[in-house]
Amino acid sequence: MTINTLLVAVGEQDETDTDAVIDAVRTLGAPETRVVLAHAFDEGAYEDAVEELGGNPNRERGEGWTAPSAGEWHVTAFGGSPAVTRDESVDGSADEGPPISTDDERIAPDSVAAQYESIRAIGNALEADGRPYEIRGRVGDPVETVLDAASEVDADAIAVNPRDRSAVQQALFGSVSKEIIERADRPVVVV
C-alpha cells in the first residue's frame, strides 16, 4: 500500500512520544508523503492555550476540520520554515512557530497547535528530512475531529500514539486511540 497522505493524531504535549511518531512517519511514508499533524483541543484546553499565548479565547474562530478560508491562519511547511498564510505568505520560524495575532485577527486553532512543543519537534524533524507537512488544530471531540480530518485531507492512513493508561483507566475514561481504531474507515497505525 502506498501512503500519499498520512494523518498523525498528536496528543497533549506531555503525552506524545515524538521519537516514536517521527520513526513511524519515516517508516510508513516515502520522502514525498504528505504528513498532516493534527491536534484536537477540547474547549478548555484551547482557551487555556490561547490565554497562555496572550490572546482572547472568546474571539470568533473556525470550527470543524475545514480548509482555511480568507482571514484564517493556516500553517504549512516543506523543506523550510513553516509558512503562515492569510491571503499571502508570511515566513515563520520553525523554532518559534508562526505568529499569533492578538489584535483583530481570529486566533485559529491551527496556529495554537503549531505552538505545541511536541508538534514543533515533529515538524522540525520532518523539515530536516525534507518532508512536506501541515499542522491542523481544531476544537471539538478528539475522535470526531481526527476522523473528519482524515476524510478532509483524504488520508491513506492515520497514525495514533496512545497514552500510557492501564486497562482500568481505559475502561473508565475511554481511549481516543481505541475509538479511532474502531471507527476509522481507513488503516490506523499505532506508534
For A49, are the conditions met, namely being outside any helix (DSSP H, G or I), surrounded by 16 or more Cβ atoms within 10 Å (Cβ to Cβ) and in contact (Cβ under 8 Å) with a residue 12 or more places away in the chain?
no
Residues of segment 110-136 being in a loop (DSSP other than H, G, I, E, B) and at negative phi, which ones?
A114, Q115, Y116, R131, P132
Per the list (1) at pLDDT below 50; (2) over 18 Å from A114 (Cβ atoms); (3) β-branched (V, I, T), residue check on T5 breaks on (1)
So, in segment 8-28, how many residues would count as being crowded, with 16+ Cβ neighbours inside 10 Å, touching an Asp or Glu at 6+ places or on another chain (Cβ under 9 Å) and farther than 15 Å from P162 by Cβ?
3
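Looking at V25, V8, V35, can you tell me which residue is within 17 Å of A149 (Cβ to Cβ), β-branched (V, I, T) and assigned to a helix (DSSP H, G or I)? Give the derivation first.
Values: V8 fails: assigned to a helix (DSSP H, G or I); V35 fails: assigned to a helix (DSSP H, G or I).
Result of the check over V25, V8, V35: V25.
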Give V112, V90 a once-over and let me know the one that is among the hydrophobic types (A, V, I, L, M, F, W, C), more than 21 Å from T33 (Cβ to Cβ), touching a Gly at 6+ places or on another chain (Cβ under 6 Å) and at pLDDT below 90.
V112
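Where residues in segment 150-165 are in contact with a strand residue (DSSP E or B) (Cβ under 7 Å, 6 or more places away or on another chain) and modelled with pLDDT of 95 or more, which of them is nearest to I180 (Cα to Cα)? Spell out the reasoning first.
Of the residues in segment 150-165, the ones in contact with a strand residue (DSSP E or B) (Cβ under 7 Å, 6 or more places away or on another chain) are 150, 153-160, 162.
From what's left, modelled with pLDDT of 95 or more: 150, 153-158.
Working: A150: 11, V153: 16, D154: 16, A155: 14, D156: 14, A157: 12, I158: 9 Å.
Only one residue tops the list, namely I158.
The values are calculated or read from the model by the stated rules, or taken from the named source; none is laboratory data. Just so it is clear, the structure is predicted and the values come from calculations on it, not from any experiment. Note that each Cβ is placed from the backbone with ideal geometry, even for glycine, and that neighbours are counted across all protein chains shown.
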